[in-house]
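Worksheet for the structure shown next.
The values are calculated or read from the model by the stated rules, or taken from the named source; none is laboratory data. Fair warning: this is a prediction, and the values are worked out from it, not measured in the lab. Quick reminder, even Gly has a Cβ in these numbers, built from the backbone with ideal geometry, and neighbours come from all protein chains shown. Surface areas here come from the heavy atoms of the whole protein model, side chains and all, with no ligands, DNA or RNA. Shrake-Rupley method; radii C 1.70, N 1.55, O 1.52, S 1.80 Å.
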Amino acid sequence: MKIDIWSDVACPFCYIGKRHLEAALEQFPHKNDVEVTWHNFELDPNAARDNKEDQYTLLARKYGMSREQAIENTDRVAASGEKAGLAFAFDKVIPTNTFDAHRLIQFAAQHGKQDEMEERLFSAYFMEGKHISNKETLLAIAKELGLDATEVLNSDAYTKEVRKDEADAQSLGIRGVPFFVFDMKYAVSGAQPVDAFTQTLQKVWEEAHPPVELIQTGDKGATCDDGSCTV
């Protein structure tokens, strides 16, 4: 089974959705036969790399609410994250452009470390207050995973790959993330509960591996069992 996920590392629901899917996979008896691929999606491609305003001020202006309302909304997201085992630290978050982080994810994928990079960037952004469009920060994160991203971040490497993921999202009608596609047949939008992922995993698996229907016809034919054959 293949699961394709469109996500942005600056999206808290993407992180929550990741945890919910992981929890569902832990309960899934065929988890070793599931391949997960992450795809790039920028919630705000025009976001500035360096903001003088914090998360709450930006949210308040974007959605036409007061700063206090923005804080209340964010606290509710933090509570949802806590239930999934995530300790969001929104006071530390540095809003920024995520394009280079997405290029780094593409680079990590070439070394079999895409999921590890997703996890590390989520944690850096939401828990540690790291500036994830800062080159030195990204180089350090890559180094933690045993990768040298110097050449990547000093060029436009993997730009085409990021843009292709975004174009694919548009062609599929994806307008928000997280967005999960199972075997390119079933879609789950948003950070759905663990049960929703569990049910989808089971349904997709059963459709791809229908049970064998046994039909008894007449007398039993010649068989071999227990190391011997009836002649």
Return the pairs, sorted by first residue and then second, in which the second residue is surrounded by fewer than 17 Cβ atoms within 10 Å (Cβ to Cβ) and of a type in the set (D, E, K, R), the first residue lies in region 94-123 and is in contact (Cβ under 8 Å) with a residue 12 or more places away in the chain and assigned to a loop (DSSP other than H, G, I, E, B), the beta carbons are less than 6 Å apart, and the residues are 6+ apart or on different chains.
-> THR96/ARG49; ASN97/ARG49
Of the candidates LYS130, LYS164, the one satisfying the condition of being open to solvent by 60 Å² or more (accessible area, probe 1.4 Å), part of a helix (DSSP H, G or I) and at pLDDT 95 or above is LYS164
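Of the residues ASP225, ASP219, ASP148, only one is at pLDDT below 95, open to solvent by 100 Å² or more (accessible area, probe 1.4 Å), among the acidic types (Asp, Glu) and over 30 Å from ASP91 (Cβ atoms); which? Working first, answer last.
Numbers: ASP225 fails: open to solvent by 100 Å² or more (accessible area, probe 1.4 Å); ASP148 fails: at pLDDT below 95.
Going through ASP225, ASP219, ASP148 in turn, the sole match is ASP219.
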Residue among ALA157, ALA87 that alone is of a type in the set (A, V, I, L, M), part of a loop (DSSP other than H, G, I, E, B) and farther than 26 Å from ASN73 by Cα = ALA157
For region 56-76, pairs from a residue that is in a helix (DSSP H, G or I) to a residue that is open to solvent by 100 Å² or more (accessible area, probe 1.4 Å), with Cβ under 8 Å and 6 or more apart or across chains, are ALA70/TYR63
Among what's in region 168-210 and is open to solvent by 40 Å² or more (accessible area, probe 1.4 Å) and in contact with a Gly (Cβ under 9 Å, 6 or more places away or on another chain), pick the residue that is nearest to HIS30 (Cα to Cα).
-> GLN192
Quick check, is LEU43 among the aliphatic types (A, V, I, L, M) and open to solvent by 50 Å² or more (accessible area, probe 1.4 Å)?
-> yes
Within region 5-40, residues being open to solvent by 10 Å² or more (accessible area, probe 1.4 Å), under 23 Å from GLY85 (Cα atoms) and among the charged types (D, E, K, R) number 4
Scanning region 167-190 for residues that are in a strand (DSSP E or B) and in contact (Cβ under 8 Å) with a residue 60 or more places away in the chain, the one farthest from the chain's Cα centre (by Cα) turns out to be PHE182
